[in-house]
Structures are given as structure tokens and as C-alpha cells.
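Shown next, in C-alpha cells, is the structure this report addresses.
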Amino acid sequence: MDKPVILLDLEADHTTLAFINQNKVNFTTILDKGYRSFIQSLREKYGLSETTCWRLLENLFEAREIDASDVVIYIEQQEERRVEISQKELAEAILPKVRSWIADINAGCANILDSVQARYVLTGQGADIPVLKQYLHTFNAPASIYSVTTIGARSGANVVNLGLIYALVDINKMHNKDTISVNNNELEESIESITRYAKDQEGGFTRKLKKAVLSTKE
């Protein structure tokens, strides 16, 4: 990567952020908000299953509530009521949540972008949400969605895992090792360390990202 990259792995309950500079991961942190937050109000209002909400999310293509029509796009007969959702109702339930997530990313990464010219690359299962393509211009730096076919993955949900496998293969070659899995003791120690750090007063999303600026300057 010739320029600094802020990698956003959007998953169900969280977003993993990795700041990559000069082909090295300088900093990583987690925002406790994923694409499940996009459909939370939809589930609560209409009593829909998560699978149904995800399917509706995959079929939301309008990025502005005003452009969505009143045409009913989903009907479900529940035990005590009949649920009908129009394109406009779907947009009104989801789009504010999407904009809120982007606002959190922008606020958290502002300090990094004040110091270096970086770009966002969005990946993970959430990267498959079609409407996100229309919101790329609302990030506070150039943003793009990673093309999963470039490493053989069919879904954004597989990109990170497949990328880690490729990285492990490369590392093994450099160190002349044949490691195929993580050491359990090292994994447990790492998880405990992350948990302790997350509970620390400096564990806030924005505060942690400020440290990335310092490491970049160094």
C-alpha cells in the first residue's frame, strides 16, 4: 500500500479499525457498533427476525429517505398482526443508523486524518450492504469498498479471514516456519490483555485512535 489506509472491517456487532502505514499495521481498535445497529429499530418496531432484517438491508438501494417510494416491499403475517413495510419506511428506519455509524467513524479518525493523508477501505460482511456505496462520499477522507473477488472470496464476510490465512502463509515463509494455528496459551493471554485494556479509562474509541497519531509521527 503506497499511502496510509484506514481499514474498516464492518461486522454484526462491531467494527474493527486498522491503521496501516508503510505496509505495517500501526494501530488497531474496535468500535462497538456494527451493521446490526442499522436494523435495530426495524426489528423493534416490526418484530422481525434478524435474517429478515438483513435481507431487507440487502435490498435497500435509496440513500435518501425523500427518494424512497411508498410502495410496499415486504409483507409478513405475524400471530397478532399483519406487517407491511414500504420502501420509505425501510429507508426511514435504517438510513439514520447508517449515517450515525459513519459519523462515529469520522469523529474517531479525525485526529489521524489531521496528521496524515489516508483513505478508508471498507470490508467485512457489512461491506456487502448495497446502500453503503452511495455513502462513500460522506466519509471525511476518500473511501472505497474492497473488491472481494481479488483474493478469491465471494462475500465480504470472508475477506478478513482469507486475508489472515494469506498473511500467515507469507509470515511462515519469511520465518521458515510451518505454523498452522495459534498457540492457545498465547491466544488466551492476548485476549486477557485486550480485555484489561478495554476496561481502562483510556479505552474509549476516540481516545485510542489518538495514540495512532503519535505512533504515525514516530
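The values are calculated or read from the model by the stated rules, or taken from the named source; none is laboratory data. Keep in mind the model is a prediction, meaning the values are calculated, not measured. For neighbour counting, all protein chains shown are included, and Cβ atoms are generated from backbone atoms with ideal geometry for every residue, glycine included.
The set of residues in the stretch 12-53 that are among the basic types (Lys, Arg) and surrounded by fewer than 17 Cβ atoms within 10 Å (Cβ to Cβ) comprises Lys24, Arg43, Lys45. The single condition among (1) farther than 25 Å from Thr16 by Cα; (2) modelled with pLDDT under 90 that Gln77 does not satisfy is (2). Return yes or no: is Ile112 in contact with a Phe, Trp or Tyr (Cβ under 9 Å, 6 or more places away or on another chain) and among the β-branched types (Val, Ile, Thr)? So Ile112 passes the test. For Thr138, the requirement of being surrounded by fewer than 16 Cβ atoms within 10 Å (Cβ to Cβ) and modelled with pLDDT of 90 or more is met. Tallying residues that are touching a Gly at 6+ places or on another chain (Cβ under 9 Å) and either more than 18 Å from Trp54 (Cα to Cα) or surrounded by fewer than 18 Cβ atoms within 10 Å (Cβ to Cβ) (or both) within the stretch 77-107 yields 3. The condition of being crowded, with 17+ Cβ neighbours inside 10 Å, at negative phi and modelled with pLDDT of 90 or more does not hold for Val159.
Being charged (D, E, K, R) and at pLDDT 75 or above is a property that Asp114 has. Note on the stretch 173-183: among residues that are within 28 Å of the chain's Cα centre (by Cα) and surrounded by 10 or more Cβ atoms within 10 Å (Cβ to Cβ), the one that is modelled with the lowest pLDDT is Val182. Pairs needed: first member in the stretch 44-58, in contact (Cβ under 8 Å) with a residue 60 or more places away in the chain and of a type in the set (A, V, I, L, M); second member anywhere, buried (at least 18 other Cβ atoms within 10 Å of the Cβ) and assigned to a helix (DSSP H, G or I); C-beta distance under 7 Å; at least 6 residues apart or different chains. The qualifying pairs are Leu57/Phe38; Leu57/Ile94.
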